[in-house]
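First comes the structure, then the notes that go with it.
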Amino acid sequence: FKMCAGRVISKLLCSGEKEVDLAVQSAKAAFKIWSQMSGMERSRVLLEAARIIREQREEIATLETINNGKSIIEARVDIDISWQCVEYYAGLAGSLAGEHIQLPGGSFGYTRREPLGVCVGIGAWNYPFQIACWKAAPALACGNAMVFKPSPFTPISVVRLAEIFTEAGVPKGLFNVVQGGVATGQFLCHHPDVAKISFTGSVPTGIKIMEMAAKGIKPVTLELGGKSPLIIFSDCALENAVKGALMANFLTQGEVCCNGTRVFVERKILDVFTKEVVKRTQKIKVGDPLLEDTRMGALINRPHLDRVQGFIKQAKEQGAQVLCGGDLYVPDDPKLKNGYYMRPCVLGNCTDDMTCVKEEIFGPVMSILPFDTEEEVIERANNTKFGLAGGVFTRDIQKAHRVVAALKAGMCFINNYNVSPVELPFGGYKASGFGRENGRAAIEYYSQLKTVCVEMGDVESVF
């Protein structure tokens, strides 16, 4: 595992088939205890976990910055969202219920909302602690156990979450962490005692996970990639739209699945918007992510940095213009000279058929595209295999609602971008996946309904 300065800070053993089986069996034993507890009992334990995360916010945020390379400013926000998520589902745990249905002759039916069993969570490296909480909190609130596999690039902070759940009082083994890459993930997906898989990551890996889950008829939640449109109309509040574009492209070094990387700008404000975005982008302070004034840290690893650089090179070859950034950055601090840093990049002169506009770069690269009419931009915005997010900046609220209604995307923003309230469902359309995380919607994906039909009279028989 590499820190932002490119040095190894720890080594972990990959979990093989034996370790995965031990983790699943341990979770299965804990599930028997946890699933029999009342929702209120589970709620108290989750509230305690949320309290610990909140109290240890600074320590966990520092761990996450070292784990991932993002700025400490952002890491603190991630940890706040994490404890809010656990607290939110603690609040729902005691309210989970089925319904009672009256039938003729005094007979009745009712439904029970029951847990699934041992759920698997497979996380991505961009929001390691937060993603683990997004998956674990609703799973545990519903009475499930979870075995979680973080990305091998960011293995550390999720181990701290496991310790916190144990401190809070969950049965031993209820939330287990296994470490590893592809092979470990395959063992988890094929395990006969796993009831459900929730995955955050790339589309190709999501397809493989769905194929493996199909062999065991296991339900899956897939939160995959995106190439989301951000539409800037000429009647927007310009300063707000510029800030929105920066938030939509440069959080976590641009390594965010729902980033609005296709920035469509109405032609009449194209020049003024572009000039302001470039000016603001050039002012973003890149460097040591543990420093308070740093706004962008290091990319996750060397191969990924090289991949992002390759996209920029290809964009130039296809006719895009680098308006700022895109080059490697070497901080003054000699301890950081081997870090995976680059300056945030804005590309102009972009067209819809360019690779940088069609493919997910997953780095700090914004593509600006002009448009003329509402109808045109909606068609272009939807012309993608992805459908994770979309954003609109305009002062015309009717137009804002009309446009987001037409966008084929699961998470839409009006006059803001990349905010993640845990009360709202998050997930995609099309190749960006299915299922939802956060909000009440996630309860549907971590529980199953049992219907009970009760006859109060004699059985009506046709025999």
Subtracting the Cα-Cα distance of Glu55 and Val330 from 0.36 nm times their residue separation yields 95.5 nm
What are the trypsin sites (Lys or Arg not before Pro) within region 130-215 that DSSP puts in a loop, where the Cβ has at most 15 other Cβ atoms within 10 Å?
Lys172
Please compute the Kirkwood hydrodynamic radius of the chain from all pairs of different C-alpha atoms, in Å with one decimal.
23.3 Å
Helix-only CD estimate at 222 nm, as mean residue ellipticity for the chain, using -39500 (n - 2.57) per DSSP H run (n ≥ 4):
-12500 deg cm²/dmol
Under 19 Å from a label point 7 Å along Cα→Cβ of Val454: give me every residue in region 91-111 with its amide N that close.
97-111
What is the antiparallel percent of DSSP beta bridges lying wholly in the chain, to the nearest 5?
35 percent
Would you mind computing, in nm to one decimal, how far apart the modelled labels at Glu444 and Lys316 are, each placed 7 Å from Cα along Cα→Cβ?
4.8 nm
Lys408 accessible area, 1.4 Å probe, all protein chains in place, Å² to nearest 10:
110 Å²
Using alpha carbons only, how many degrees (0 to 90, rounded to 10) separate the axis of helix 17-34 from the longest principal axis of the chain?
60 degrees
Which loop-located GluC sites (Glu not before Pro) does region 400-461 contain, where loop means any DSSP state but H, G, I, E or B and the Cβ has at most 13 other Cβ atoms within 10 Å?
Glu423, Glu455, Glu460
Taking the Cα centre of region 213-264 as origin, work out the dipole magnitude from +1 charges on Lys and Arg Cβ and -1 charges on Asp and Glu Cβ, in debye rounded to 20.
340 debye
Just the accessible area per residue of region 229-414, please: how many Å² with a 1.4 Å probe?
42 Å²
Within region 178-257, list the GluC sites (Glu not before Pro) lying in a DSSP loop whose Cβ has at most 12 other Cβ atoms in a 10 Å radius.
none
Between Lys275 and Arg7, Cβ-based FRET efficiency (R0 41 Å, step 0.05) works out to 0.55
Extension gain, Ile284 back to Lys268 (0.36 nm per residue minus Cα-Cα distance, nm):
3.1 nm
Label zone at Asp352 (point 7 Å along Cα-to-Cβ), backbone N below 20 Å, region 364-389
366-389
Any idea what angle helix 302-317 forms with the longest principal axis of the chain, computed on alpha-carbon atoms, 0 to 90 degrees, nearest 10?
50 degrees
If I compute solvent accessible area with a 1.4 Å probe over the protein chains, what percent of it on region 229-414 is carbon and sulfur?
51 percent
Counting DSSP beta bridges with both partners in region 229-414, what percentage is antiparallel, nearest 5?
15 percent
Using a Förster radius of 51 Å, what is the FRET efficiency between Ser234 and Lys208 based on their Cβ-Cβ separation? Nearest 0.05, please.
0.70
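The values are calculated or read from the model by the stated rules, or taken from the named source; none is laboratory data. What you see is a predicted model; the values in this text were computed from it and never measured. For neighbour counting, all protein chains shown are included, and Cβ atoms are generated from backbone atoms with ideal geometry for every residue, glycine included. Ligands, DNA and RNA are excluded from the accessible area calculation, which covers all protein heavy atoms including side chains. Shrake-Rupley method; radii C 1.70, N 1.55, O 1.52, S 1.80 Å.
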